[in-house]
Amino acid sequence: MKYKVIGWTDYGNEEYPENPNPYGNSAWRALVAELREKGYRFGGDSHQYGRGGVPVLNDGTRLEYGMRAWGEAMAEAIYGDDPPHGAYMEYYMDLEQEEFYGRKPIMPAPYVDKSQILPPSALADEYHMKLDPEPFALIKSGKKSVEARLCDQKRSLLDVGDRIIFTDRGSGQSIKTEITRLAYADDFAQLAKFCGLARLGCGRGATCARFASDMQKYYSPDDVKKYGVVGIYIALCGN
C-alpha cells in the first residue's frame with residue numbers, strides 16, 4: 001500500500017477505523033518517515049493517552065501500538081533502521097525522557113487533512129506470484145483461501161488490500177486476488193495450526209507437520225528460521 005501519514009488523532013477515536021495491519025511494512029515505514037521528517041519525539045504513554053498521539057493514514061485508518069512498539073518506531077526514526085539494542089526504552093514512556101534526559105515531548109497538533117483520504121483501491125500495490133497447477137486450481141475454485149509463503153523482503157511488503165495475480169506454471173492462466181488478512185508465524189507448522197489446513201488447501205488426512213515438511217520443497221529450514229513465514233488470506237476479485 002502507498003501509505004503516508006495525513007494527520008493525528010486520539011487513541012480509540014472510532015471516526016477513523018483501526019488499520020488492519022499496523023505492523024505491516026508500508027504502515028510502519030509511513031509512521032517512521034513521518035516521525036523522522038517532522039522531528040516528533042514522544043513516548044508510548046503520550047501515544048495512548050495524549051491528545052493527538054495517534055497517526056492517521058491516507059486511507060482514513062488510524063495506527064495504534066503498545067508502548068514497546070511505539071518506542072521501537074521512535075528508535076528507528078531517530079537512529080535509523082538498525083537502532084542500538086534497547087533504544088526503544090528511550091521512548092517507552094515520556095516520564096523516562098523527562099526524568100532521565102530532561103526532554104519534553106514534541107507532539108503534533110491533533111488535526112487530520114481529510115481531503116487526502118483515498119479509497120484503499122487507489123493505494124493498493126499489485127504483486128505477481130507463480131503457482132503449481134494444483135494449488136492454482138484450488139484457489140480458482142475457492143477451496144484454498146490462504147497462500148503460505150516465506151516472509152522474506154518481497155513478502156514483507158504485502159499489506160491488506162493489495163492485489164496478487166497468481167499465474168499457473170503449467171497453463172499460464174492467471175487469476176487476480178485481494179489480500180484480506182495477513183498472519184505471521186515462526187514456521188509453517190505453526191502457521192498451519194493458526195490458519196487451518198483446509199484454508200491452506202490441504203486434503204483429508206493432512207497434518208501440520210506434514211504440511212511443514214512439504215513446504216521444504218520450496219524453502220529451506222535455514223531460510224524459514226531467518227525470515228519466518230506468512231499466511232496470505234486472499235479473496236478472488238473480478239478486476
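The values are calculated or read from the model by the stated rules, or taken from the named source; none is laboratory data. Here the structure is a predicted model, which is why all the values come from computation and not from measurement. Note: ideal-geometry Cβ built from the backbone for every residue, glycine included; neighbour counts use all protein chains shown.
From Asp125, Asp113, Asp59, which residue is of a type outside the set (Phe, Trp, Tyr) and either more than 30 Å from Thr177 (Cβ to Cβ) or in contact with a His (Cβ under 8 Å, 6 or more places away or on another chain) (or both)?
It is Asp113.
For residues that are touching an Asp or Glu at 6+ places or on another chain (Cβ under 6 Å) and either in a helix (DSSP H, G or I) or among the hydroxyl-bearing types (Ser, Thr, Tyr) (or both), tally how many sit in the range 213-231.
Going through the range 213-231 one residue at a time, the tally reaches 2.
So Ser121 passes all but one of these: (1) on the phi > 0 side of the Ramachandran plot; (2) assigned to a helix (DSSP H, G or I). Which condition number does it fail?
For Ser121, the exception is condition (1).
Please list, ordered by first then second residue, the pairs with beta carbon atoms under 8 Å, 6 or more apart or interchain, first in the range 187-199 and modelled with pLDDT of 95 or more, second polar (S, T, N, Q).
As it stands, the answer is Leu197/Thr207; Arg199/Ser145, since those pairs meet every condition given.
If I go through the range 18-53 residue by residue, how many of them are under 17 Å from the mean Cα position of the chain (by Cα), outside any helix (DSSP H, G or I) and either at pLDDT below 95 or crowded, with 21+ Cβ neighbours inside 10 Å (or both)?
Total meeting the criteria: 6.
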